[in-house]
Amino acid sequence: MKRRVIDELEKIVGKDRMSTKMADLYVYGFDASIHHKNPDVIVKPANAKEVSEIVKLANATRTPVIPRGAGTAMCGHTVPLKGGIIIDMTLMNKIKEVRVEDLYCVVEPGVIYDKLNAVLGKKGFWFPTTPGSGEACTIGGMVVTNASGMRAIKYGATRDYVLGLEVVMPTGEIIHTGTRTLKNSSGYQIDRLMVGSEGTLGIVTEINLKLAFKPKASAMTLAAFNSLQDAGRCVSNIIARPLMPSAIELMDSVCIKAVNKCMNVGLPDAAAICMIEVDGHPTAVEEELKIVEEIARQSGAVHTEASRDKKKIDYWTYARKAIMPSLSRYGEKFVSVALADDMSVPISKIPEAVVAFQKIAEQNGVIVGTYGHSADGNLHTKMLVEPGSDDSWRRGEKAVGEIYDKVLELGGTVTGEHGVSITKAPYMKKERADSLETMKRIKKALDPKNIMNPGKIFDWDGNIIAHLRYPAFCESEGCMPSVKACEGQKEEGAGGK
Ligand SMILES: Cc1cc2nc3c(=O)[nH]c(=O)nc-3n(C[C@H](O)[C@H](O)[C@H](O)COP(=O)(O)OP(=O)(O)OC[C@H]3O[C@@H](n4cnc5c(N)ncnc54)[C@H](O)[C@@H]3O)c2cc1C
């Protein structure tokens, strides 16, 4: 990057809110994905005007710009593939307005999900999308990935709560989309376009978010099964009853073993577990708990336990949230990686999908743990690979392709909530073959110089085992590129912290 750009950035945000220190660049080269690459500079704007000035400079100098929230995205979303400026949005973290009488709030993008709910909860409201990363992820990151979570079946995804946005466009122009009203048919719904745009169309600097009423009661049933198919059938039997759960979390035996071994949580040693949550009026919750137990038993549950006790429910939820870190400690030589990690299938296809995933894993000699927000058909798999073994990565990659082929054959999507970026790009292109050109035209119209998060989604041409954060493929494009890139680079030292 040219020295002039760094100097100009310093004029916009000042020395203390930017950095070109090698250690900072290295850290900001990661998100929660398998990928890594260093940016050239990190800046931390404090308001939309600063964001706009940074983007204008980037536009004039054709410098890549990558907006970043908490960096918890799982597919390489914030990894600066072509270097450039990381715009860290976390200083813009004010809750500007909470208007419960109008059912909306106005927040800056850097507000953390759990912190917003702590404020809303005191007034009897919430933003209920419940991503597993809620204690860290930002509302801006959630909007731009259309994040959701275990409660999407009943409460929807982030897009269902976005009423309006303030956005800095790739030219630096600041626009306002949507409204603060619950209804709006006024022109193109540009806020909808921004939702899920993964930092490729603009930078969100303010969000008008719809509020939901917090349920008065909730309860959970833990049901254990001797087969994964029975657990999958239980999910669709509950929906078909009809009964609207607020969440159903499914875990297979690989996940159960991992959390029992690493966290000692004492879950039943079964082939699969469903944690079924219902919420609402206390009387309705009691009635639904009974029906859930009956359906679970009819679907083949060998053990059920219901609880209304918040501590117990939190404990089960903790066990469920412990899957990701536990899988990473499953066996010493393995790391758990986000590969094929977020597909969604029609609910009734869950049994067929989970069985197929296990078969594909066996055939390719990889270990796959399957879990997920199964009430809405969203399944997560984590693959255990040997991080330094090219062969292990190749087998994993082959399994990923086969898993996604199966998902598409079942009428599903390659990503229910995490988004595309790099890790899902080749498979998303298969899924969206006939609308790719339209997406490209939209991108070109809004960002003709391709400065916003370039190289992602349809712009990614390679395979997924690239720009790895792990030491495989050392002679190829993928291996520890950051370390290689660091060699020969000098610390420019323009920044403060
Ligand atoms: C343990 C764990 C559990 C998770 N569970 C879930 C889950 O249940 N559901 C789910 O949906 N996701 C989940 N995720 C993925 C991730 O947390 C979400 O995608 C989250 O919304 C990302 O928020 P963030 O603030 O970390 O954004 P980042 O990772 O920083 O950025 C995500 C994307 O948004 C863009 N971006 C960020 N801020 C802005 C902005 N202000 N303007 C424009 N673009 C911006 C970035 O360029 C990037 O493309 C999980 C991740 C982890 C690590």
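Considering each residue of segment 121-158, count those that are within 25 Å of Ile276 (Cα to Cα) and either more than 11 Å from the ligand (Cβ to nearest atom) or of a type in the set (Gly, Ala, Ser) (or both), and give that number.
Counting residues in segment 121-158 that are within 25 Å of Ile276 (Cα to Cα) and either more than 11 Å from the ligand (Cβ to nearest atom) or of a type in the set (Gly, Ala, Ser) (or both) gives 19.
Contact list please: Cβ distance under 7 Å, first residue in segment 430-450 and closer than 15 Å to Asn59 by Cβ, second residue of a type outside the set (S, T, N, Q) and in a helix (DSSP H, G or I), pairs at least six apart or on different chains.
Sorted first by the residue in segment 430-450, then by its partner, the list stays empty.
Say whether the condition of being closer than 30 Å to Glu287 by Cα, modelled with pLDDT of 95 or more and assigned by TED's automatic domain parsing to the domain that holds Gly124 is met by at least one residue in segment 188-203. Outline the logic, then answer.
First pass over segment 188-203, keeping only residues closer than 30 Å to Glu287 by Cα: none.
Taking every residue of segment 188-203 in turn, none turns out to be closer than 30 Å to Glu287 by Cα, modelled with pLDDT of 95 or more and assigned by TED's automatic domain parsing to the domain that holds Gly124.
Please go through segment 321-348 and pick out each residue that is more than 13 Å from Leu250 (Cβ to Cβ) and part of a helix (DSSP H, G or I).
Across segment 321-348, the qualifying residues are Lys321, Met324, Pro325, Ser326, Leu327, Ser328, Ser348.
Taking the condition of being of a type in the set (Ser, Thr, Tyr) and over 27 Å from the mean Cα position of the chain (by Cα), how many residues in segment 226-273 meet it?
1
Tell me yes or no: at least one residue of segment 214-225 is within 16 Å of the ligand (Cβ to nearest atom), small (Gly, Ala, Ser) and either surrounded by 19 or more Cβ atoms within 10 Å (Cβ to Cβ) or at pLDDT below 95 (or both).
The answer is no, given that none of the residues of segment 214-225 is within 16 Å of the ligand (Cβ to nearest atom), small (Gly, Ala, Ser) and either surrounded by 19 or more Cβ atoms within 10 Å (Cβ to Cβ) or at pLDDT below 95 (or both).
What strands (runs of 3 or more DSSP E) lie completely within segment 30-117 and have 2 or more residues being more than 17 Å from the chain's Cα centre (by Cα), away from the ligand (no atom under 12 Å from the Cβ) and not aliphatic (A, V, I, L, M)?
In segment 30-117, 95-99, 104-107 are the strands (runs of 3 or more DSSP E) which contain 2 or more residues that are more than 17 Å from the chain's Cα centre (by Cα), away from the ligand (no atom under 12 Å from the Cβ) and not aliphatic (A, V, I, L, M).
Condition test on Glu397, is it farther than 24 Å from Gly132 by Cβ, at pLDDT below 90 and surrounded by fewer than 23 Cβ atoms within 10 Å (Cβ to Cβ)?
No, not satisfied.
Out of segment 360-394, which residues are assigned to a helix (DSSP H, G or I), away from the ligand (no atom under 16 Å from the Cβ) and buried (at least 19 other Cβ atoms within 10 Å of the Cβ)?
Hits for segment 360-394 are Ile360, Ala361, Ser392, Trp393.
If only one of Leu57, Leu25 is of a type in the set (A, V, I, L, M, F, W, C) and in contact with a Cys (Cβ under 9 Å, 6 or more places away or on another chain), which one is it?
Being of a type in the set (A, V, I, L, M, F, W, C) and in contact with a Cys (Cβ under 9 Å, 6 or more places away or on another chain) holds for just one of Leu57, Leu25, which is Leu25.
How many residues does segment 406-464 contain that are crowded, with 16+ Cβ neighbours inside 10 Å, part of a loop (DSSP other than H, G, I, E, B) and among the small types (Gly, Ala, Ser)?
Residues that pass the stated criteria total 5.
The values are calculated or read from the model by the stated rules, or taken from the named source; none is laboratory data. The shown structure was predicted, so the numbers you read here are calculated from the model rather than taken from an experiment. Cβ coordinates were reconstructed from backbone atoms using ideal geometry, including for glycine residues, and neighbour counts include every protein chain displayed.
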